[in-house]
1. Tell me yes or no: at least one residue of segment 63-82 is out of contact with any helix residue (DSSP H, G or I) (no Cβ under 6 Å at 6 or more places or on another chain), farther than 29 Å from residue 172 by Cβ and either of a type in the set (D, E, K, R) or in a loop (DSSP other than H, G, I, E, B) (or both).
2. Specify the residue that is modelled with the lowest pLDDT; the eligible residues are those in segment 195-225 that are closer than 30 Å to residue 37 by Cβ and of a type in the set (S, T, N, Q).
3. Go through (1) touching a residue at least 24 places away in the same chain (Cβ under 8 Å); (2) within 20 Å of residue 29 (Cβ to Cβ) one by one and return the number of the condition residue 126 breaks.
4. Of the residues 92, 88, only one is at pLDDT below 95, buried (at least 16 other Cβ atoms within 10 Å of the Cβ) and part of a loop (DSSP other than H, G, I, E, B); which?
5. Does any residue of segment 35-44 turn out to be without any contact (Cβ under 8 Å) to a residue 60 or more places away in the chain and closer than 23 Å to residue 225 by Cα?
6. Can you tell me which of (1) surrounded by fewer than 22 Cβ atoms within 10 Å (Cβ to Cβ); (2) among the hydrophobic types (A, V, I, L, M, F, W, C); (3) in a loop (DSSP other than H, G, I, E, B) is the one residue 171 doesn't meet?
7. Cβ-Cβ under 8 Å, sequence separation 6+ or interchain: first residue in segment 69-82 and farther than 20 Å from residue 179 by Cβ, partner among the hydroxyl-bearing types (Ser, Thr, Tyr) and modelled with pLDDT of 95 or more. Which pairs?
8. Does any residue of segment 96-109 turn out to be hydrophobic (A, V, I, L, M, F, W, C) and part of a strand (DSSP E or B)?
Amino acid sequence: MKRFAALLLLLALASTADASGVSLRWGGCEGTANRNFACDKSTGQELLVGSFDPPSGIAHLSGMEVVLRITTADGKAPSWWMMFSAGSCRRSSVTLAFDMSDQVDCDDPWSGQAGGGFGAWEADGTGINVRMVGAVPPSAMGPVSSGRTYAGFKLLINHQKSTGAGSCGGCEAPVCIKIEAIKLTDPGRLIDANSHMWENKTWVLTDGINAMGGASQVATWQGGNANCAAGLAKPSTWSELKSRFKSK
């Protein structure tokens, strides 16, 4: 948690601006919207990639904070999808990475130097809220251009405990996974050299990438469900999204 708190300091916000779009796809930046799995083996893994088309004006991208929402038709949180917290059925079955150098369909804004982790993976009675943060050292900050797609993060989800004795229920359940918001950060201009105070600009991205068509901010598992469409309503403000988490 100390590492997570330190990363949040790098992402401290002071102002916000309009943003472009986000995408979540299986297999790569321009992969598939849905993934079907027979839940018949406990080996292997899936790759889920989050990407973004930034707004103009970001000269020194320093990091990102992401909120994901995982939902099922009945509003429950299947044990198969509880992958992070102590006591979870499939703890350690998901890995978060910001090394996007293997993505050929979009650009790596981090130049392979970003690091980060999960802030939370919590069930709230109607679904699962996931919070992630990543940042680069000052020497690796650089510009990103509007109209281009950049790979932001990737989740590696393994098949552990999908079948057999000790398996976790819910692998076969249709699920919606949505990027509620991605917040991009740029330190901006130096306001006061004596106090090391920076402008700290932020942009919150919530909509899908237009060029990808449809609701690109949503990926589905086992075909998804009606909650996917219902979840496309305009998300809450960033402060309201953060208030969903027990660990603020």
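The values are calculated or read from the model by the stated rules, or taken from the named source; none is laboratory data. Note that the coordinates shown come from a computational prediction; the quantities given were computed from them, not determined experimentally. Every residue, glycine as well, gets a Cβ built from its backbone with ideal geometry; the counts of neighbours run over all protein chains shown.
1. Yes, some residue in segment 63-82 is out of contact with any helix residue (DSSP H, G or I) (no Cβ under 6 Å at 6 or more places or on another chain), farther than 29 Å from residue 172 by Cβ and either of a type in the set (D, E, K, R) or in a loop (DSSP other than H, G, I, E, B) (or both).
2. Only one residue tops the list, namely 225.
3. (2)
4. Testing whether each residue is at pLDDT below 95, buried (at least 16 other Cβ atoms within 10 Å of the Cβ) and part of a loop (DSSP other than H, G, I, E, B) leaves just 88.
5. Keep residues of segment 35-44 that are without any contact (Cβ under 8 Å) to a residue 60 or more places away in the chain, which gives 38.
With closer than 23 Å to residue 225 by Cα added as a condition, the list becomes 38.
Yes: one or more hits.
6. Residue 171 satisfies all of (1) surrounded by fewer than 22 Cβ atoms within 10 Å (Cβ to Cβ); (2) among the hydrophobic types (A, V, I, L, M, F, W, C); (3) in a loop (DSSP other than H, G, I, E, B) except (1).
7. So the pair list comes out as 80/162.
8. yes
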